[in-house]
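The values are calculated or read from the model by the stated rules, or taken from the named source; none is laboratory data. On a predicted model such as this, the values are computed, not experimentally measured, just so you know. No Cβ is skipped: glycine too gets one built from the backbone with ideal geometry, and neighbour counts run over all protein chains shown. The area values use the complete protein model at the heavy-atom level, side chains included, leaving out ligands, DNA and RNA. Shrake-Rupley method; radii C 1.70, N 1.55, O 1.52, S 1.80 Å.
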Amino acid sequence: MRPPRRRHHPVRCPTTGASAASILVSAAIPILLALALLSYLAPPLLDGERHLSLRRHSDLSDSRDATLGRDREIFRIPHGGGSVRNDLWTSRLSKSYMGCSNASNKYAAAAAVTRRGRYLMIGTSGGLNQQRTGVIDAVVAARILNATLVVPKLDQRSFWKDASNFGDIFDVDWFISFLSEDVKIIKELPKKRGKPFRAPFTMRVPRKCTPRCYQNRVLPVLLKKHVVRLTKFDYRLANKLETDMQKLRCRVNYHALRFTHSIQEMGQKLISRMKEKINHFIALHLRFEPDMLAFSGCYYGGGEKERRELGAIRRRWKTLHMSNPDKARRQGRCPLTPEEVGLMLRGLGYGNDVHIYVASGEIYGGDETLAPLKALFPNFHSKDTLASKEELEPFSLFSSRMAALDFIVCDGSDAFVANNNGNMAKILAGRRRYFGHKRTIRPNAKKLYSLFLNRANISWEEFALKVRANQRGFMGEPREVRPGRGEFHENPSTCICETAETISGGSLSQKNYDNQQRKSHSSNNDGEPTSYNSDEELDWSDLDYGEYTPLGKNSSNVTGMDYDTFIKIEDSELEDILSD
């Protein structure tokens, strides 16, 4: 017979329910007080920090729920952040260098080398800054061919649909006069026996055509036809030339190409209004437009909606190959998000009191995408917020003139940030090197990617330390890129000289330098040039995407987007869209 089951009775506590609750409350009070003290002593979160995860990369989105609490605990962005530190705005080494583009003693004047009956016409392509590179190289090409240059024609049928002529954007009389000792330049072809000249012979030279290439391909035609028009003229001249030709490039780019008075005046007005708000300001070329993101093939955590929208844009161009978004991101081929740009700048030490001027078109995702950047830098400006609609009206219908205003403000900023390696970024980087090595920041996207990905696991102090380490070599310091390496417009090393003496004020102003260059180089002809009275008849290494060529294969700090893996066939519309 089975023994009866033994029953277990709970042991009763001698205390009553009320006294138990009293003991629990007494034990909890010290803990609550300790938590309150810790909360009081901890640094405050940014007002917009709760918005900082609105548009994370997909890898971050997958682990968002698991890490959000820890992110709030560890990754606290402090107020302030060192915006008054001098090294954030200037380089202590910049006073040791200055622009130098005067010709050598062996360089002959234009009158001695220009041959009669040789007229070179140029048709540029793309947006404002791509056209600018074409104009610069057109002057050098005319010098190589000993020809008279007709003022270049700007592309009016591209994606941008801007009907502006050369004289609507650039001061044409200054351009002709300043370069009178280099190349003979006229506004239009002379008439033959009172009649307009017949249609010129049209041809195109290969990408990066060398001086010998011009002499072999273009000169024989020029001698026979007397007038040659080179079309789609951008990046049609070799990157490396002999010293006097490189210095001629610099004279054209930094001194002869000057915006019209109305554009320059409005641009300076925007700079003055930024300076009225704060002594130093940052200009940011954000480049986060839908077409740009579709071209890059990158993914930013927007789910199926983002994939569908950007995929539809990508399908417009059959030349775009499918890409691996994660691989592109790891290799630094993707523009940073506005949030990531803001985190990089805060990590470098720019405080939330800094004012930012943003040069950009339509931002993908609109205000939602910009919200994290505005939370990090509440003082957020653009030409539309600084100027009235009436002030911008003369420029607003012309994309190149609006781009020129952004160019002027970015050039006049104390720190310029380029979120891609396009034409505007390259030309401004070179220009800022030439005029005193003004602070120019290019995100080291490849190194920053992993840091952004893992930021939830590290403290703000560690994050900021790694940002500063990763950005060494990407801050616009002198000699960041070895002389002769990379795109010449970005690294005009031939035109930058060391100086033993510090120039008063740190560097020559552009106006004073223009005047000095002009006195030592140009003739006294301040008017229009004299036309000839002649009775004679008058890959990406070879790909039309020089816009996104990085600094060079051998550079120590290559960044930006190298889209050679995406594009194999020329597509003029795509090139136009991405030209700046």
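Some values worked out for this structure:
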item	result
Positive-end extreme of charge dipole, region 211-328 - chosen from Met292, Ala256, Val228 (charges on Cβ)	Val228
Mean Cβ neighbour count within 10 Å, used as a protection proxy, ranking 201-209, 289-297 highest first	289-297, 201-209
Per-residue HN-Hα couplings for region 466-478 [Karplus 6.51, -1.76, 1.60; θ = phi - 60°; Hz; x = Gly/Pro]	6, 4, 5, 5, 5, 8, 5, x, 10, 10, x, 6, x
Solvent-accessible heavy-atom area per residue, rounded to whole Å², over region 118-240 at 1.4 Å	39
Net length gained if the chain between Leu453 and Ser272 were fully extended (0.36 nm per residue, minus Cα distance)	61.3 nm
Under-5 Å amide H pairs with Phe281, H placed in peptide plane, nonlocal only	Asp414, Ala415
Surface share of carbon and sulfur [accessible, 1.4 angstrom probe, percent] for region 275-353	47
Neighbour net charge for Ala110 - beta-carbon separation under 12 angstrom, K R +1, D E -1	+1
Cα centroid separation, region 107-137 to region 404-449 (Å)	26
Protection-proxy order for peptides 306-316, 461-471, 114-124, 384-394, each taking the mean of Cβ atoms within 10 Å per residue, highest first	114-124, 461-471, 306-316, 384-394
Computed E for Glu461/Asp87 - FRET, C-beta separation, R0 22 angstrom, nearest 0.05	0.75
Reachable lysines from Lys184, criterion Cα separation under 21 angstrom, eight or more residues apart if same chain	Lys106, Lys153, Lys192, Lys224, Lys225, Lys247, Lys519
Calculated FRET efficiency for the pair Asn165/Asn105, C-beta based, R₀ 56 Å, to 0.05	0.90
Sequence of Ser413, Ser459 from largest to smallest accessible area, 1.4 Å probe	Ser459, Ser413
Interchain or long-range residues, amide H under 5 Å from Ile496's placed H	Cys100
Span per principal axis, largest first, for the Cα atoms of region 289-436 (Å)	40, 38, 33
Other-chain or far-sequence residues with amide H under 5 Å of Lys192's (modelled H)	Phe197
Theoretical gain in end-to-end length, Asn216 to Glu242 [0.36 nm per residue, Cα-Cα removed]	7.6 nm
3J(HN,Hα) from dihedral phi, region 352-363, Karplus parametrisation 6.51/-1.76/1.60, rounded to Hz, x for glycine, proline	6, 8, 5, 9, 10, 9, 10, 9, 6, x, 5, 8
Estimated inter-spin distance, Arg468 and Asn379, nm [label 7 Å along Cα→Cβ]	2.2
Links that overshoot a 20 Å alpha carbon limit, given the list Lys327/Lys446; Lys95/Lys277; Lys277/Lys374	Lys95/Lys277
Protection proxy ranking of 405-411, 106-112 - average other beta-carbon atoms within 10 Å, highest first	405-411, 106-112
Relative contact order for region 411-491, counting Cα pairs under 8 Å that sit 6 or more residues apart, in percent	38
Modelled FRET efficiency - R0 22 Å, Ala312 with Glu362, Cβ distances, 0.05 increments	0.90
Shape of region 100-248, Cα gyration tensor, a/c cut at 1.5	rounded
